[in-house]
1. Checking the condition touching an Asp or Glu at 6+ places or on another chain (Cβ under 9 Å), modelled with pLDDT of 80 or more and not assigned by TED's automatic domain parsing to the domain that holds Ile132, which residue from Val13, Val17 passes?
2. Restricting the stretch 104-113 to residues that are loosely packed, with under 11 Cβ neighbours inside 10 Å and assigned to a helix (DSSP H, G or I), which is modelled with the highest pLDDT?
3. Can you confirm whether the stretch 41-63 contains a residue that is under 30 Å from Glu150 (Cα atoms), assigned to a loop (DSSP other than H, G, I, E, B) and at pLDDT 75 or above?
4. State yes or no: is Met68 in contact with a Ser or Thr (Cβ under 7 Å, 6 or more places away or on another chain), more than 16 Å from Glu43 (Cβ to Cβ) and either modelled with pLDDT under 75 or not hydrophobic (A, V, I, L, M, F, W, C) (or both)?
Amino acid sequence: MKTTLDVSDENSVRSAVNYIQSHVNKIDILVNNAGYSVRSAVEAITEAARYETREMGVEICVIEPGAMDTRFFKTLSKNSDEKMNNPLSEYRKIYERDLTFRKKQTRSDVSSCARRLVHIDRCKKLKVRYTIGVSQIYKLFIKLPDGVKEWGIRRFN
């Protein structure tokens, strides 16, 4: 079963909870699809919630997907055209570099990621973090201390 909700809309949250309660007696897995929000914020909130709920038997983990083959990138490119085509835009170089990177980036198939989520749901003991559809280099990169990551980002961008 799946349902959607907008956490900023109280009626949407109530509707989703009512829908779930009318079909099942408990929630096995909840996916917070934060989109392309700041990863460190999502990680911090998840780790705090994991700590706060562990004595209640609730297990929480972070799922870090790589780029998914969705409409997101097409919409982003379409909405970036105005900035890209303006030679006076301060953001032009950033957009050009980002666009070049996105064209080279391998995107994961959404259905293969969904299968991975089902596999994770069946684990007896959850890890704190799972990466889905990301390169081995990225997996190594996220384990580096923050200072080293910052240096690498500045050095190679």
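1. Answer to the selection: Val13.
2. To start, the set of residues in the stretch 104-113 that are loosely packed, with under 11 Cβ neighbours inside 10 Å comprises 104, 106, 111.
Retained after the next criterion (residues that are assigned to a helix (DSSP H, G or I)): 104, 111.
On the way: Lys104: 70, Ser111: 79.
Here the residue is Ser111.
3. The answer is yes; a qualifying residue exists.
4. yes
The values are calculated or read from the model by the stated rules, or taken from the named source; none is laboratory data. It should be emphasised that the depicted structure is a prediction, and the values quoted were computed from it without experimental measurement. Here the Cβ is made from the backbone with ideal geometry for all residues, glycine too, and neighbour counts use every protein chain on show.
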